[in-house]
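What follows is one structure encoded as structure tokens, with my remarks underneath.
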Amino acid sequence: MHIVVAPNPVLREKSEPIAPGEIKNFRPVAKQMAKLMYKSQGCGLAAPQVGIGKRLIVVDVTAPDEDGEAAEKDPVFFINPVIKRLWGEKEVSDEGCLSIPGIQIPIERYNNIEVEALDLDGEPFALEAEGFYARALQHELDHLEGTTMFEHLDPIERIQAIKEYEEALKAGAKPGDTSVEKDR
Ligand SMILES: [Zn+2]
């Protein structure tokens with residue numbers, strides 16, 4: 001399993017729901033995704049980012065310590081997540097994406113979200129999040145709709161961002177990098 005990067009077409013496809021009977025087959029996939037997320041120092045990963053067009057995401061917003069390791073790993077898995085509510089202030093903040101290495105893009109998000117999903121046992125749960133957690137969830141849920149950070153930008157900003165991204169790739173940006181040395 002590895003992280004696919006833009007412009008891989010799988011990142012622009014809408015993902016399929018996971019049938020209840022299939023959930024157990026996706027447990028090892030979900031665990032591998034979490035491992036890969038930690039290895040890449042990300043705080044979220046969606047199945048399309050590893051080339052799997054299914055509605056599965058993992059998020060862990062536990063702050064990493066100095067070594068980049070999460071102090072206490074606490075991955076939350078969401079199968080077939082549905083947004084029940086989005087509310088609160090909309091804020092713009094820089095985001096990175098493991099599938100768009102080397103750059104950060106300012107994205108407007110709601111401060112609060114409520115999501116319903118199934119866990120890895122197929123049990124339904126609801127979760128409310130705010131701030132950075134809410135932002136991370138909105139970012140990962142976008143991936144299930146085939147929406148990347150680029151689609152949040154207007155056409156002119158998008159051309160700029162894609163240019164910056166192409167330069168970052170040329171400079172050797174890898175998943176987990178949020179910037180590259182321009183003179184590398
Ligand atoms: Zn992403």
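Any read-out appearing in this document is the output of simple, stated calculations on the displayed coordinates, not a laboratory observation. No experiment lies behind these values; they were computed from the predicted model shown. FYI the Cβ positions are ideal-geometry reconstructions off the backbone, even for glycines, and counts take in every protein chain you see.
What fraction of the DSSP beta bridges in segment 9-170 is antiparallel, stated in percent and rounded to the nearest 5?
Details: 27 of 28 bridges.
Taking every DSSP beta bridge with both residues in segment 9-170, the antiparallel ones total about 95 percent.
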Task: Cβ charges +1 (Lys, Arg) and -1 (Asp, Glu), total dipole of the chain, debye - done: 720
Open item on the list: Using Cα springs under 10 Å in a Gaussian network model of the chain, which residue among 155, 17, 101 shows the largest mean-square fluctuation?
Closed with: 155
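Of the peptides 44-57, 120-133, 163-176, how do they stack up when ordered by the mean number of other Cβ atoms within 10 Å, highest first? Walk me through the numbers before you get to the answer.
Values: 44-57: 23.6, 120-133: 13.4, 163-176: 15.9.
Listed from highest to lowest mean packing, they are 44-57, 163-176, 120-133.
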Open item on the list: Would any residue of segment 78-102 have its amide N under 19 Å from a label point 7 Å out along Cα→Cβ of residue 171? List them or say none.
Closed with: 94-102
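Given R₀ = 22 Å, what would the calculated FRET efficiency be for residue 93 paired with residue 32, taking r from the Cβ atoms and rounding to 0.05? Walk me through the numbers on the way to the answer.
On the way: r = 29 Å, r/R0 = 1.32.
Rounded to the nearest 0.05, the efficiency is 0.15.
From the Cα gyration tensor of segment 1-94, with a ≥ b ≥ c the square roots of its eigenvalues, which class applies: rounded if a/c is under 1.5, or else prolate if a/b is larger than b/c, or else oblate? Each step should come with its number before you reach the end.
Working: a/c = 1.40, a/b = 1.17, b/c = 1.20.
Since a/c stays below 1.5, the shape of segment 1-94 is classed as rounded.
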Open item on the list: Place a point 7 Å from the Cα of residue 74 along the Cα-to-Cβ direction; which residues of segment 38-64 have their backbone N under 18 Å from it?
Closed with: 38, 42-45, 58-64
Open item on the list: Sort 24-34, 139-149, 84-94 by packing, meaning the average of other beta carbons within 10 Å per residue, with the highest value first.
Closed with: 139-149, 24-34, 84-94
Open item on the list: How large is log10 of I(q)/I(0) for segment 9-170 at q = 0.10 Å⁻¹ when the intensity is taken from the Debye formula with one equal scatterer per alpha-carbon?
Closed with: -0.36
Open item on the list: Using Cβ contacts closer than 10 Å as the measure, can you line up 37, 1 from fewest to most?
Closed with: 1, 37
